[in-house]
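Engineer: If you scroll down you'll find the structure; I have some questions about it.
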Amino acid sequence: MKSSSSLGASTIIVIILAGVALLAGGWLIAQTTPSLFPPQASAEAQQVDALFQFMLVLGGFVFLLVQALLVYSIVRFRARPDDMTDGTPMHGNTTLEIVWTAIPAVVVFVIAVYSYQVWVSTRAPKDDEMVVHVQGQRFNWAFTYSVPGDLVPGDAQLSTAIQEDLTDDNQFTITSNELHTYVGRPVKMEINADDVNHAFWVPSMRIKQDALVGRTTEVRFTPTLADTYPVVCAELCGAGHGAMAAIIVVHENEEAFQTWLNGELQTVFYPPEDPVARGEQVLASNTYPCSGCHALEALGWTAQVGPNLTGVGDRAQRRVPGQSAWQYMHESIQYPGNYLVPGYGNVMPAIWGPGGTMSPEDLDAIVSFLCAQTATGESACPEVGAQETAMAGE
Ligand code: CUA
């Protein structure tokens, strides 16, 4: 057996050529794999993907090297049909062991330094951050964020209406499971969990952060591409884990964001007169986490954790003897534990009373809309008109 000091020139050339071929193979793997990823929608995504590609080149190199040696050894050192002898006894090779320990150590160190740089850079506070509070709850994500209250040009009446709801620093607060922002505006997420641990994952932004009970975690991103992106829960949290979703809407620029905001504030401050239409609007806006657990054909909801609300008007009026559909649905939303639909547990979060955020107006509107979910389309709550009148008279 030749020692390493007596390697011939031709052997060295073969090793160099093989190394170049392996690197090229690793590079090819690194070029093709990320095409399977969702679009890079944030500044952080480019950094994260560059790091990932770097590791793919190295990983591809090692993978191809191991496979090539494996195939070579199988062919070159296979036993001949008439060869019944034992293999050559082999003992350790100190030089080889030092080399195959030192090279991976250097590689791991380089990756560690590179990763740490990406980590520090993506986590660093940015100028003019939009701070968004994220609440993970089985099975919904709720975003709460403030928008400048003076973003309503051209509508003096709306500007006046909004004044009363502004915080001290002239901000208006929005809560929804749709987060709206725009290209180039850095976003800082402050993440909490209500009940069990969740994980806030936005694949297109390449961010993923645990949502922990009793501790606030942070993650940052700066959108670079206008579109709508799904948010996923990446921590098994119960029966509705797979349906625990939200969306992030990135507008083209600040003007487009303002246009959306004006429309949104219009619907908040001038809701439709018709309670059914208003209820539909409230539910569709995802201000409350209903869509995370319920199915409702009229709004395209498909979750199956809670009872199906399609056609609920028909069922609600005969659920509890002596109770109208209107009363039954009010009580079921306010105190979910009072009546449990057979087959479903008492797992609905508090959205009314202490810990809840639902207003009486929204509650009435939602029930009015649910009353209209009947086979015939006729409301199951004929007394709604009377209720509305009574409320107006209060
Ligand atoms: Cu929340 Cu899985």
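The values are calculated or read from the model by the stated rules, or taken from the named source; none is laboratory data. On a predicted model such as this, the values are computed, not experimentally measured, just so you know. With ideal geometry, Cβ positions are generated from the backbone for all residues, glycine too; neighbour counts draw on all protein chains shown. Only protein heavy atoms, including side chains, enter the accessible area calculation; ligands, DNA and RNA are left aside. Shrake-Rupley method; radii C 1.70, N 1.55, O 1.52, S 1.80 Å.
Engineer: Being of a type in the set (D, E, K, R), exposed (fewer than 14 other Cβ atoms within 10 Å of the Cβ) and more than 27 Å from V183 (Cα to Cα) is the requirement here; does R123 meet it?
Structural biologist: It is false that R123 is of a type in the set (D, E, K, R), exposed (fewer than 14 other Cβ atoms within 10 Å of the Cβ) and more than 27 Å from V183 (Cα to Cα).
Engineer: Given the conditions (1) without any contact (Cβ under 8 Å) to a residue 60 or more places away in the chain; (2) closer than 18 Å to A142 by Cβ; (3) within 14 Å of the ligand (Cβ to nearest atom), and given that K208 satisfies all but one, which numbered condition is not satisfied?
Structural biologist: Tallying (1) without any contact (Cβ under 8 Å) to a residue 60 or more places away in the chain; (2) closer than 18 Å to A142 by Cβ; (3) within 14 Å of the ligand (Cβ to nearest atom), K208 fails exactly one: (2).
Engineer: Taking region 282-296, which residues are at pLDDT below 85 and surrounded by fewer than 19 Cβ atoms within 10 Å (Cβ to Cβ)?
Structural biologist: Once the filter is applied, which keeps residues that are at pLDDT below 85 and surrounded by fewer than 19 Cβ atoms within 10 Å (Cβ to Cβ), region 282-296 yields A284, S285.
Engineer: For residues that are among the charged types (D, E, K, R) and assigned to a loop (DSSP other than H, G, I, E, B), scanning just region 314-331, find the one that is surrounded by the fewest Cβ atoms within 10 Å (Cβ to Cβ).
Structural biologist: R318
Engineer: Quick one: what pairs do we get from region 352-363, first residue open to solvent by 30 Å² or more (accessible area, probe 1.4 Å), second modelled with pLDDT of 80 or more, C-beta under 6 Å, 6+ apart or different chains?
Structural biologist: Pairs that qualify, where the first residue is open to solvent by 30 Å² or more (accessible area, probe 1.4 Å) and the partner is modelled with pLDDT of 80 or more, are W352/Q334; W352/M358.
Engineer: Tell me yes or no: at least one residue of region 247-261 is in a strand (DSSP E or B), within 14 Å of the ligand (Cβ to nearest atom), surrounded by 15 or more Cβ atoms within 10 Å (Cβ to Cβ) and under 15 Å from the mean Cα position of the chain (by Cα).
Structural biologist: No, there is no match, as no residue in region 247-261 is in a strand (DSSP E or B), within 14 Å of the ligand (Cβ to nearest atom), surrounded by 15 or more Cβ atoms within 10 Å (Cβ to Cβ) and under 15 Å from the mean Cα position of the chain (by Cα).
Engineer: Considering each of G184, G154, G136 in turn, give the residue that is at pLDDT 85 or above and either assigned to a loop (DSSP other than H, G, I, E, B) or over 28 Å from L51 (Cβ atoms) (or both).
Structural biologist: Only one candidate passes the filter, namely G184.
Engineer: Kindly provide the set of residues from region 193-213 that are closer than 20 Å to M348 by Cα and open to solvent by 30 Å² or more (accessible area, probe 1.4 Å), ordered by number.
Structural biologist: If the condition is that a residue be closer than 20 Å to M348 by Cα and open to solvent by 30 Å² or more (accessible area, probe 1.4 Å), then D194, D195, V196, N197, L212, V213 are the ones that fit.
Engineer: Taking interchain pairs and intrachain pairs at least six residues apart, which have beta carbon atoms under 6 angstrom, with the first residue in region 230-244 and assigned to a loop (DSSP other than H, G, I, E, B) and of a type in the set (A, V, I, L, M, F, W, C) and the second crowded, with 17+ Cβ neighbours inside 10 Å and modelled with pLDDT of 90 or more?
Structural biologist: Listed by first residue and then by second, the contacts come to A234/A199; A234/W201; C237/H198; M244/C233.
Engineer: Name the one entry in A68, A24 that is in contact (Cβ under 8 Å) with a residue 40 or more places away in the chain, surrounded by 13 or more Cβ atoms within 10 Å (Cβ to Cβ) and on the phi < 0 side of the Ramachandran plot.
Structural biologist: Exactly one residue qualifies, and that residue is A68.
Engineer: Restricted to region 341-351, and to residues that are surrounded by fewer than 17 Cβ atoms within 10 Å (Cβ to Cβ) and either touching a helix residue (DSSP H, G or I) at 6+ places or on another chain (Cβ under 9 Å) or within 20 Å of W141 (Cβ to Cβ) (or both), which residue is modelled with the highest pLDDT?
Structural biologist: That would be V341.
Engineer: How many residues, within region 214-242, are open to solvent by less than 60 Å² (accessible area, probe 1.4 Å) and within 9 Å of the ligand (Cβ to nearest atom)?
Structural biologist: Total satisfying the criteria: 7.
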